[in-house]
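One structure is given below, encoded as structure tokens.
The values are calculated or read from the model by the stated rules, or taken from the named source; none is laboratory data. Since we're looking at a predicted model, the values are computed, not measured. Cβ atoms come from the backbone with ideal geometry, glycine included; neighbour counts cover every protein chain shown. With ligands, DNA and RNA removed, areas are computed over all heavy atoms of the protein, side chains included. Shrake-Rupley method; radii C 1.70, N 1.55, O 1.52, S 1.80 Å.
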Amino acid sequence: TIEYPSALIGWSTLYLSISHSHIHTKMAFALTRNIAARQSRQLGRHGMKMMFASKAVDYDHFTSGWNIDDIADFTQPGKYCVQTFNKISPKGLERFPRDLYDVFPQDEANGAPAHSLLLRSHKLKEEEVGTSVRAIARCGAGTNNIPVARMTELGIPVFNTPGANANAVKELVLCGLLLGSRRVVDGINHMKDLGSQGLAKERVEKDKALFGGREIRGKTLAVIGLGHIGGATARDASSLGMDVVGYDPGLSVKTALGLPREVKVADSISSAVADADYISLNIPYIKGSPEEGGTHGIIGTEVMNALKPDAVLLNFARGELVDSAAMKAFLDAGNGRYITDFPDDEVWDHPNAIVLPHLGASTAEAEDQAAAMAAKTIRDYMEYGTIKNSVNFPETNLPAMNTAAIRMTVVNKNIPGMLAKITNFFADANVNITQQINHSRGDIAYSVIDVDPTDSENINLKDLQKNVTMLDGVLSSRILFGTPGAGYARNVDGEYFV
């Protein structure tokens, strides 16, 4: 018999009991697998993930986060809840199947808890991250609008979408090259002024000499940071006839192989920019000074002193990378120029500066791709436990799970002996582990444990999960089985949250 009790207010229960006293175990298992297949087609692929013969599995677990009186108004059994901040591309949100996911803007949540958060430029506050939240994804590469360090302490992975907006930003960098080599903006403003006086046709040929420039072909471009955007910029600039020199202390073999042979690699920022006519910044912003291991103000007086007097600096990475006072001094001293995609209180009105309103990723194509990439990242983590493109958790690519297995994931502090303590609870419960992966990154360790209920006696997943979760050093755990959205538990300052 297979029983599916209906969802109760605030929690859901799944109990499977298979009776086969007169059937051989293997035959019964094959039979129940066939039943499961039929049930899966009726319920959806997450409505029924597995069946198993011979043993009973008692699964009695609270859906996480529901802590309001009128819970029935919000409860939708069998769905993951994604809360969005900012306007997210509809094409990206389409990647969430409506039969598995509820997606709603933060200002329309009306108290409903979320399992994951999706945002763009919204500056996320800790109080906006409910206890039920188990993943955060940003539609973009930078995550300085998210308190990543605090999320790490809480055991919440933060994902980004590296490369999703690379082409959009690269194209604007190329535009910046031209804006910095020809006084296009000044010329446009001059023509508007002449037009308002009715003098445009009369003065155009005479005044064009005021806006002379230079060509970029044959000039040298220094690319600081050779990731997705920097690498693409180096390739396209080379194809435009520029000499390219790059600097990236973390240059990977894969990226190096993708660069044109003509690109030279320098051993420091100062040496890269010394002979450059143009410099493109493509490095991440990390809080702290360069001496502290950060990148705040990394383009300061020392680097400015190494620049040619007429060098053009292109900043489409982060405003905080450039020391504004040092940049103003450089612009005042010569004929150098600064093209930036970020507001700057020091040089916003300088005649040799062009300040854009953060247009780098503002294309429909980039927004679609970033949202779609973020949605896939969330789905992979929520449904399977896979971690890809996380800025604070270890990369974890998982093999396919056996259809007769239950998967549990555990997030804990990266301290010695934790894995042994975790697996001891499985041994004490006489649960057979069929597959186990453990990866770590910094202060966080992440374990994925698949167990086979057919080889165990009367598993009580609720008790097992509570024992594991309340182990000192464990932050959270998930059981990827049964109702989507259920099976999440956290150790919140020694209190058990489900």
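Here's the yes/no breakdown for (1) modelled with pLDDT under 95; (2) within 21 Å of the chain's Cα centre (by Cα); (3) hydroxyl-bearing (S, T, Y):
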{"site": "M401", "(1), (2), (3)": "yes, no, no"}
{"site": "A404", "(1), (2), (3)": "yes, no, no"}
{"site": "V411", "(1), (2), (3)": "no, yes, no"}
{"site": "K421", "(1), (2), (3)": "no, no, no"}
{"site": "H439", "(1), (2), (3)": "no, yes, no"}
{"site": "K462", "(1), (2), (3)": "yes, no, no"}
{"site": "V474", "(1), (2), (3)": "no, no, no"}
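Please verify whether G176 is under 22 Å from N352 (Cα atoms), touching a strand residue (DSSP E or B) at 6+ places or on another chain (Cβ under 8 Å), open to solvent by less than 10 Å² (accessible area, probe 1.4 Å) and of a type outside the set (S, T, N, Q), treating the condition exactly as stated. Explain how you work it out, then say what you get.
Values: under 22 Å from N352 (Cα atoms): yes; touching a strand residue (DSSP E or B) at 6+ places or on another chain (Cβ under 8 Å): yes; open to solvent by less than 10 Å² (accessible area, probe 1.4 Å): yes; of a type outside the set (S, T, N, Q): yes.
In short, yes.
Considering only residues of region 330-347 that are over 29 Å from the mean Cα position of the chain (by Cα) and open to solvent by 60 Å² or more (accessible area, probe 1.4 Å), which is farthest from G293 (Cα to Cα)?
Going through region 330-347, the residues over 29 Å from the mean Cα position of the chain (by Cα) turn out to be 330-338, 345-347.
Subsequent filtering for residues that are open to solvent by 60 Å² or more (accessible area, probe 1.4 Å) retains 332-333, 335, 345-346.
On the way: D332: 30, A333: 30, N335: 32, D345: 25, E346: 25 Å.
Across region 330-347, the extreme among qualifying residues is N335.
In region 349-356, is there at least one residue being out of contact with any helix residue (DSSP H, G or I) (no Cβ under 9 Å at 6 or more places or on another chain), under 23 Å from K287 (Cα atoms), outside any strand (DSSP E or B) and not aromatic (F, W, Y)?
No, that holds for no residue.
Failed condition for G360, given (1) more than 23 Å from A166 (Cβ to Cβ); (2) open to solvent by less than 30 Å² (accessible area, probe 1.4 Å), with all others met?
Single failed check for G360: (1).
What number of residues in region 389-401 are in a loop (DSSP other than H, G, I, E, B) and either in contact (Cβ under 8 Å) with a residue 24 or more places away in the chain or among the β-branched types (V, I, T) (or both)?
Total meeting the criteria: 9.
Do we find that A404 is assigned to a loop (DSSP other than H, G, I, E, B), farther than 21 Å from V169 by Cβ, hydrophobic (A, V, I, L, M, F, W, C) and open to solvent by 60 Å² or more (accessible area, probe 1.4 Å) in this structure?
Working: assigned to a loop (DSSP other than H, G, I, E, B): yes; farther than 21 Å from V169 by Cβ: yes; hydrophobic (A, V, I, L, M, F, W, C): yes; open to solvent by 60 Å² or more (accessible area, probe 1.4 Å): no.
Answer is no for this residue.
Suppose we keep only residues that are under 30 Å from the mean Cα position of the chain (by Cα) and polar (S, T, N, Q) within region 271-312. Which one would you say is farthest from L178 (Cα to Cα)?
The extreme case among them is S289.
Yes or no, residue by residue, for (1) outside any helix (DSSP H, G or I); (2) of a type in the set (A, V, I, L, M); (3) within 25 Å of K287 (Cα to Cα); (4) in contact with a Gly (Cβ under 7 Å, 6 or more places away or on another chain):
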residue	(1), (2), (3), (4)
I136	yes, yes, yes, no
I146	yes, yes, yes, no
M151	no, yes, yes, no
E171	no, no, no, no
L174	no, yes, no, no
L177	no, yes, no, no
G180	no, no, no, no
D186	no, no, no, no
D193	no, no, no, no
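Here are A200, A237, A209: which of them is aliphatic (A, V, I, L, M) and closer than 12 Å to S280 by Cα? So that I can check it myself, show each step before the final result.
Numbers: A200 fails: closer than 12 Å to S280 by Cα; A209 fails: closer than 12 Å to S280 by Cα.
So the residue among A200, A237, A209 that is aliphatic (A, V, I, L, M) and closer than 12 Å to S280 by Cα is A237.
Aromatic (F, W, Y) and not in a strand (DSSP E or B): is that true of Y446 in this structure?
In short, no.
If I filter region 407-424 down to residues being out of contact with any strand residue (DSSP E or B) (no Cβ under 7 Å at 6 or more places or on another chain) and in a loop (DSSP other than H, G, I, E, B), which single residue comes out as most open to solvent (accessible area, probe 1.4 Å)?
Checking each candidate, the answer is P416.
Considering only region 378-385, I want to know if a residue exists there that is surrounded by fewer than 19 Cβ atoms within 10 Å (Cβ to Cβ) and in contact (Cβ under 8 Å) with a residue 12 or more places away in the chain.
Scanning region 378-385, I find at least one residue that is surrounded by fewer than 19 Cβ atoms within 10 Å (Cβ to Cβ) and in contact (Cβ under 8 Å) with a residue 12 or more places away in the chain, so the answer is yes.
Which residue, of A366, A374, is out of contact with any strand residue (DSSP E or B) (no Cβ under 7 Å at 6 or more places or on another chain), touching a residue at least 24 places away in the same chain (Cβ under 8 Å), open to solvent by less than 20 Å² (accessible area, probe 1.4 Å) and assigned to a helix (DSSP H, G or I)?
After applying the criteria, what remains is A366.
Residue by residue, here is whether (1) over 30 Å from the mean Cα position of the chain (by Cα); (2) buried (at least 18 other Cβ atoms within 10 Å of the Cβ); (3) not small (G, A, S) holds:
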| residue | (1), (2), (3) |
| --- | --- |
| F426 | yes, yes, yes |
| A429 | yes, yes, no |
| N432 | yes, no, yes |
| I444 | no, yes, yes |
| N458 | yes, no, yes |
| F481 | no, yes, yes |
| V492 | no, no, yes |
| V498 | no, yes, yes |
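Please verify whether D207 is modelled with pLDDT under 95 and open to solvent by less than 20 Å² (accessible area, probe 1.4 Å), treating the condition exactly as stated.
Yes, satisfied.
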